[in-house]
Amino acid sequence: MRQDFNYHTHTWRCGHASGSDEEYIQMAIKAGFRILGFADHGPYRQYSNPYSHMEWSQIDEYVASLSALREKYADQISILIGFETEYYRHMHNEKAQLKQKAQYLILGQHYDSPQCAVSYFRPNSEEEILEYGRLVCEGLESGLFTYLCHPDLVMYHQESFTPACRKAAHMIGAKAAETGIPLEVNVHRIAKGKLEYEEGLRYPYPNREFWEILASYPVRCLFGVDAHSPAQLLDTGAMDEAFREIQDLNLDFISEPLF
């Protein structure tokens, strides 16, 4: 399955991606994308983590760089400027300020707090998994986000599909259906292959069991490359493989761009 728009592209500013802004655009053009949205990991005014997200002081340079490139390549591709960021109850106003500086925000819940006390990139307790579900649902209700990326990220290091995983998936599916906010099938981990879990070989995400539950709700979906290097935009096979993992679930994929 091929999609000619991607809203999930990072830059070197987050501390764990490589390549120049222009290289991403050139690769996207080569890959045949009509629309490329940049959504680097959004900053926090009071919290710094150079290996997780950009700094608040980098916002203006980020927007200026991409705005200039948008004009330069206007006859070849449409460039959009956004941020990927978490949702925290006490930081709604700061997220609203961040949204004013861009065209869109996507929700990507990697931690339980801006201090990163609990990471969802490690094995999590049942309560931590449920808190992930609660935070995601509150983010979906906030009115700040265009879509939810990698809703199944919490499954990355879970050895098995526990009752909390099941409940979190139902929470997210129900809230996405209620709010009409699309869910992203993330293809970032596909190229690295499957990992060995207690239950056997599988991709960290998209996680089949999680998506089976999401598919039981009337949710809309799209693919996200989640590119952390320009070359990832050329890997169209990753999108095809991700689709094969869930194609029989009959998910409603968005065929037209969101913008």
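Points worth noting:
- Matching option when the condition is within 14 Å of the chain's Cα centre (by Cα) and within 22 Å of HIS110 (Cα to Cα), among ASN186, ASN207: ASN186
- Wholly within region 149-259, helices (runs of 4 or more DSSP H) carrying at least 1 residues that are among the β-branched types (Val, Ile, Thr), farther than 14 Å from GLN3 by Cα and without any contact (Cβ under 8 Å) to a residue 40 or more places away in the chain: 163-179
- Condition met for GLN46 (surrounded by fewer than 16 Cβ atoms within 10 Å (Cβ to Cβ), farther than 22 Å from LEU234 by Cβ and touching a helix residue (DSSP H, G or I) at 6+ places or on another chain (Cβ under 9 Å)): yes
- Set side by side, the residues TYR104, TYR111, TYR120 differ, and just one is within 26 Å of SER48 (Cβ to Cβ) and touching a Phe, Trp or Tyr at 6+ places or on another chain (Cβ under 6 Å), which is TYR120.
- Within region 15-41, if we keep just the residues that are in contact with a His (Cβ under 6 Å, 6 or more places away or on another chain) and buried (at least 21 other Cβ atoms within 10 Å of the Cβ), the residue that is farthest from ALA117 (Cα to Cα) turns out to be ALA39.
- Among the residues making up region 82-101, those that are closer than 18 Å to THR9 by Cβ, buried (at least 18 other Cβ atoms within 10 Å of the Cβ) and touching a helix residue (DSSP H, G or I) at 6+ places or on another chain (Cβ under 7 Å) are PHE83, THR85.
- Pick from region 77-126, criterion among the β-branched types (Val, Ile, Thr) and part of a strand (DSSP E or B), ranking: farthest from SER160 (Cα to Cα): ILE79
- Residues of region 55-67 satisfying the condition of being in a helix (DSSP H, G or I) and surrounded by 13 or more Cβ atoms within 10 Å (Cβ to Cβ): TRP56, GLN58, ILE59, TYR62, VAL63, SER65, LEU66
- Test: GLY37 is part of a loop (DSSP other than H, G, I, E, B), within 15 Å of SER65 (Cα to Cα) and modelled with pLDDT of 95 or more: no
- When SER52, SER18 are screened for being in contact (Cβ under 8 Å) with a residue 24 or more places away in the chain, assigned to a loop (DSSP other than H, G, I, E, B), under 30 Å from ARG244 (Cα atoms) and not charged (D, E, K, R), only SER18 passes.
- Enumeration of residues in region 189-204 that are more than 19 Å from the chain's Cα centre (by Cα) and aliphatic (A, V, I, L, M): LEU195, LEU201
- Extreme residue, nearest to SER125 (Cα to Cα), among residues of region 171-211 that are surrounded by fewer than 15 Cβ atoms within 10 Å (Cβ to Cβ) and at pLDDT 95 or above: GLU178
- Residue in region 136-149 that is hydroxyl-bearing (Ser, Thr, Tyr) and under 14 Å from the mean Cα position of the chain (by Cα) present: yes
The values are calculated or read from the model by the stated rules, or taken from the named source; none is laboratory data. Note that this is a predicted model, so its numbers are computed, not measured. Using ideal geometry, Cβ is built from the backbone for each residue, glycine included, and neighbour counts are taken over all protein chains shown.
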